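The block underneath contains the structure these notes are about, expressed in structure tokens.
The values are calculated or read from the model by the stated rules, or taken from the named source; none is laboratory data. All figures in this text were calculated on a predicted structure; none of them were measured in a lab. Note that we place each Cβ from the backbone using ideal geometry, even for glycine, and neighbour counts take in every protein chain shown. To get the accessible areas, we keep the full protein, side chains included, count just its heavy atoms, and leave off ligands, DNA and RNA. Shrake-Rupley method; radii C 1.70, N 1.55, O 1.52, S 1.80 Å.
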Amino acid sequence: MVAALNDDQEVDATLRAVLVDVLGLGTDQVAAFTESTALFGDLPEFDSMAVAGLLSELEERLGILIEDDEVDAEMLENYGRLLTFLRAKALR
Amino acid sequence: MSRGDLTYDRYTSNGSEEWLMRIGPRGGPALLFLPPFFEELNRSRAMLVRTMRALAARGWTCVLPDLPGAGESGRLLEDIGWDDWRSAAFDSASKEVIATVSIRGGCLLDDVLAARGAWRLSPVSGAALLRDLDRTRIADDGATGGYTPSAALRAGLMAATPIENTLVRTVRLSSDRADADHKIDGAPPWRRAEPQSSSELAELLVCDIDTWVRACVAS
């Protein structure tokens with residue numbers, strides 16, 4: 001259902017869109033995120049319940065599967081780590 | 001009762017009575033809403049009802065059934081199989097229903113009424129819904145908000161994907177890359193833990209549903 005991803009920028013754009021759609025963050029706020037922007041434990045909207053919905057939406061939109069044992073605080077620590085994880089999944 | 005008013009009725013499926021909510025005149029051309037499943041329904045309900053009211057104002061009778069084991073149903077979700085939901089979608093459709101309006105998991109049921117037009121918002125596979133349900137259980141220390149589907153329901157859902165036929169229109173949100181006939185701007189209410197205003201999204205849905213179903217009927 002989802003066309004193959006072939007571009008780093010597409011994964012980045014999808015992650016930013018999902019952060020806006022699922023967490024209710026502002027488009028401008030998310031557009032300003034850099035690789036070092038802290039996420040889990042730092043953004044009040046980014047709590048453990050939100051993580052479940054966020055991962056499910058990323059799976060649907062990127063056409064990937066994220067296993068429970070791949071999810072930890074380190075992978076969710078900041079924008080760059082999460083993006084790197086998703087690129088490795090979506091672009092291989 | 002005047003146009004636009006809301007009433008509750010019963011329908012019978014597999015020998016048990018279930019509720020359905022009707023907004024709009026009885027006996028007019030009707031749209032059957034097939035709702036999202038589990039927690040996604042609660043999060044989407046305000047948008048659903050707003051959409052139904054606005055379509056009723058345009059002359060449509062909008063009907064929203066409770067699936068067995070969901071909403072106000074007297075049956076327990078644990079006792080429900082996938083076939084019960086498939087049967088309920090069929091049994092809740094009166095002869096006035098000319099199209100279905102399905103959201104998310106509801107799109108896995110609309111093929112039981114394949115002769116009617118099927119308008120879909122963000123269709124999803126049953127497997128993806130189960131993954132989300134199980135992930136929520138882990139995040140919430142075992143409590144899935146009370147959703148404990150039976151093995152039979154899980155098995156049916158796991159295998160279910162939206163069925164394509166010629167009378168389908170698929171609409172998705174513009175931030176969703178998946179294929180669609182039409183994309184609209186908005187955030188997915190079924191993902192939001194916090195309530196949000198749904199009026200703008202509902203109005204976009206109403207325009208597209210109204211235009212497409214009228215064109216379907218005319219052709």
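Simple point charges give the picture: +1 on the Cβ of Lys and Arg, -1 on the Cβ of Asp and Glu, and for the protein assembly as shown a dipole about the Cα centre of about 1420 debye.
Using a 7 Å offset from Cα along Cα-Cβ at B:CYS207, what residues in the stretch B:42-71 end up with backbone N under 19 Å from the label point? Within reach of a label on B:CYS207, which here means backbone N under 19 Å from a point 7 Å along Cα→Cβ, the stretch B:42-71 contributes B:47-48, B:50-60. Toward the positive end of the charge dipole of chain A, with +1 on the Cβ of Lys and Arg and -1 on the Cβ of Asp and Glu, the farthest Cα among A:GLY24, A:VAL71, A:LEU91 is that of A:LEU91.
Using θ = phi - 60° in the Karplus curve 6.51 cos²θ - 1.76 cosθ + 1.60, the 3J(HN,Hα) couplings for the stretch A:60-72 round to 5, 7, 9, x, 10, 10, 10, 7, 4, 6, 8, 9, 8 Hz; x is entered for Gly and Pro. Here is how the number arises for chain B: DSSP H runs of 4 or more residues each give -39500 (n - 2.57), the sum is divided by the residue count, and the result at 222 nm is -10500 deg cm²/dmol. Candidates B:LEU173, B:GLY126, B:ALA155 compared by Cα position along the dipole of the stretch B:6-212: farthest toward the positive end lies B:LEU173, with charges placed on Cβ.
Relative contact order for chain B using alpha-carbon pairs under 8 Å, separation at least 6, rounded to a whole percent? It would help to have the intermediate numbers written out before the result.
On the way: 407 pairs, mean separation 46.3, N = 219.
With pairs under 8 Å counted, the relative contact order is 21 percent.
Taken about its Cα centre, the stretch B:7-105 carries a charge dipole of roughly 660 debye when the Cβ of each Lys and Arg holds +1 and the Cβ of each Asp and Glu holds -1.
The packing ranking of peptides B:154-164, B:60-70, highest mean first, is B:60-70, B:154-164, where packing means the average number of other beta carbon atoms within 10 angstrom of each residue.
Computed from the Cβ-Cβ distance with R0 of 45 Å, the FRET efficiency linking A:ALA38 to B:ALA115 stands at 0.25. Shielding of peptide A:56-63 by partners, expressed as the average count of other chain Cβ atoms within 10 Å per residue Cβ, is 5.
Quick check: at a probe of 1.4 Å, how many percent of the accessible area of the stretch A:8-90 sits on carbon and sulfur atoms?
Numbers: 1760 of 3590 Å².
Solvent-exposed carbon and sulfur of the stretch A:8-90 make up 49 percent of the total.
Shielding of peptide B:122-135 by partners, expressed as the average count of other chain Cβ atoms within 10 Å per residue Cβ, is 3.
Between B:SER219 and B:ASP83, the distance separating the two model label sites (each 7 Å from Cα on the Cα→Cβ line) works out to 3.5 nm.
Here the label points at B:ASN42 and A:LEU65, each 7 Å from Cα along the C-beta direction, are separated by 2.8 nm in the simple model. A simple count of charges around A:ASN78, restricted to other residues whose Cβ falls under 10 Å of its Cβ and scoring Lys, Arg +1 and Asp, Glu -1, yields -3. For the residues of A:17-25, the average number of beta carbons from a partner chain within 10 Å of their own beta carbon is 4. Distance between Cα centroids, the stretch B:56-94 to the stretch A:29-92: provide it in whole Å. The two parts, judged by their Cα centres, are 35 Å apart. Applying both filters, DSSP loop and at most 16 other Cβ atoms within 10 Å, to the trypsin sites (Lys or Arg not before Pro) of the stretch B:33-98 gives B:ARG58, B:LYS95. In a simple Cβ point-charge model (Lys, Arg +1; Asp, Glu -1; nothing else charged), the stretch A:8-90 has a dipole of about 260 debye relative to its Cα centre.
Using every pair of distinct Cα positions in the stretch B:6-212, the Kirkwood expression returns a hydrodynamic radius of 17.1 angstrom. Chains B and A together bury some 2000 Å² of accessible area, summed over both sides, with a 1.4 Å probe.
Kindly report the accessible area of chain B per residue (heavy atoms of protein chains, probe 1.4 Å, no ligands, DNA or RNA), in Å².
Values: 9230 Å² over 219 residues.
Using a 1.4 Å probe on heavy atoms only, each residue of chain B averages 42 Å².
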